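What follows is a single structure, written as structure tokens, with notes after it.
No value in this document is a laboratory result; all are computed from the given coordinates. Predicted model, so just to flag it, every value in this text is computed and none were measured. Here the Cβ positions follow ideal geometry from the backbone for every residue, glycine too, while neighbour counts run over all protein chains shown.
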Amino acid sequence: MMDLATLFFVWGLASLTNATPLILVTLGETLGQRTGVINLGCEGAMLGGACAGFGAAMATGNPWIGMAAGAATGLLFAALHAALVLGARANQLAAGIAVWTLALGLTSYIGRAFVGGKVEALPSLAGTWLTDLPIIGKGLGQLSVATPIAVLLVLAAVWWLERTRTGLSWRVAGESALIATENGMSPTLSRLSAVLVGGCLAGLGGAVLSVDYTQTWANEITKGRGLVAVGLVIVARWNPRLVLPVCLLFGFAETAALRLPAMGVDLSSYVLSALPYAVVLVALVANQITFRPGAAMPADLKRVFQ
């Protein structure tokens, strides 16, 4: 029983580590969609953050500068999306795809200089008070500081939306821009700030992926994680409280794909690579059948699909 519990704990920590970049981009997309703006360009913001973060970390030797560069780059791509959607009134889906395509082209070109490079990862929790905890302390010491930062950001987002006046204005903007305006709120400002925060988190998630998780650069390194995040927002029912558990689904599946061959499970590498995405697809279908997620979707967000 103890061995089984230890195995579960180890897999849980590995799943949380694998899910950390996805937690950040999913949280950002959740906040944006709560104000009524969907951003398929979060894949581009994440990809841009991964490229800029890795390049900055490689040039300076400082992973924290890489994190800052990644977040700033994600912010820039989000600003472009906001300019198209809120400024030019472009279709949100088309604008997101345009931003994603732009980021893909830029990172494919700029990232050529980073291929084969290596960077220093963020520090781990080793040496902190967490490692003094009984039983679990040793395992926690192996986690990167990026993981508790992501968890704390989720908790902060829950508090922000539910306990602050600005968070209330974001939620009202997502339900009805007209009602928000009638109550002295600015839905445009709420949406702009939410999209920018979402882009910043997506870029940060990309930087964590390249600088801290893989410590290397590869073309299209995100492998669709930003688009997966858009689907996980639906599974989480646009509730930041559920971001962590739904992202752990992907992290657990990715951990399984990496560890099953070592356990003697003979599966094609293509099947294993597709496993995390298949799990998300199953979760989406199950969520659609069981919980009717459309009922939880912000009212003004529904207009995007009409």
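Going highest first, how would you order 66-78, 220-232, 109-121 by mean Cβ packing within 10 Å? Present the calculation step by step, with values, prior to reporting the outcome.
On the way: 66-78: 26.2, 220-232: 22.7, 109-121: 14.9.
Packing order, densest peptide first, comes out as 66-78, 220-232, 109-121.
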With 0.36 nm assigned to each residue of separation and the Cα-Cα distance removed, residue 182 to residue 259 gains 22.2 nm
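For the chain, count the residues as N, evaluate 2.2 N^0.38 Å, and divide the Cα radius of gyration by that value, please. Write out the running numbers ahead of the final one.
Values: Rg = 19.3 Å, N = 306, 2.2 N^0.38 = 19.4 Å.
Taking N as the residue count of the chain, the ratio is 1.00.
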Residue with peak Gaussian network fluctuation, the chain [Cα springs, cutoff 10 Å], from 21, 261, 123: 261
Note on the chain: helices (DSSP H) long enough, at least 20 Å by alpha carbon along their axis, and hydrophobic enough, mean Kyte-Doolittle at least -1.0, are 2-34, 42-60, 63-82, 92-110, 146-163, 187-207, 243-259, 269-291
Between residue 113 and residue 142, the two model label points (7 Å from Cα along the beta-carbon direction) sit apart by a distance in nm of 3.7
Amide H contacts of residue 90 (H built 1.01 Å from N, under 5 Å, at least 5 apart or other chain): 85
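Over the range 52-133, what portion of Cα pair distances is larger than 16 Å, expressed as a whole percent? Spell out each step's value before the answer.
Details: 2121 of 3321 pairs.
Roughly 64 percent, once rounded to a whole number.
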Per-residue HN-Hα couplings for the range 295-306 [Karplus 6.51, -1.76, 1.60; θ = phi - 60°; Hz; x = Gly/Pro]: 5, 8, 5, x, 4, 6, 5, 5, 5, 4, 9, 9
Between residue 162 and residue 89, what is the label-to-label distance in nm when each label sits 7 Å out along the Cα-to-Cβ direction? 3.8
With contacts defined as alpha carbon pairs under 8 Å and 6 or more residues apart, what's the relative contact order of the chain in percent? 34
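Provide the packing ranking of 234-244, 195-205, 31-41, i.e. peptides ordered by the mean count of other C-beta atoms within 10 Å per residue, highest first. Walk me through the numbers on the way to the answer.
Numbers: 234-244: 20.3, 195-205: 30.5, 31-41: 27.2.
Going from most to least packed, we get 195-205, 31-41, 234-244.
Can you show me the helix-derived [θ] at 222 nm for the chain, built from DSSP H runs with n ≥ 4 at -39,500 (n - 2.57) apiece and divided by the number of residues, rounded to the nearest 500.
Values: 13 runs with 206 residues, N = 306.
Helices in the chain give a 222 nm mean residue ellipticity of -22500 deg cm²/dmol.
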For the range 186-221 versus the range 226-269, the gap between their alpha-carbon centres in whole angstrom: 19
Residue 143 long-range amide H proximity, modeled H, under 5 Å: 125
Could you work out the equivalent-ellipsoid semi-axes for the range 247-288, taking the square root of 5 times each eigenvalue of the Cα gyration tensor, largest first, in whole Å? 21, 10, 7
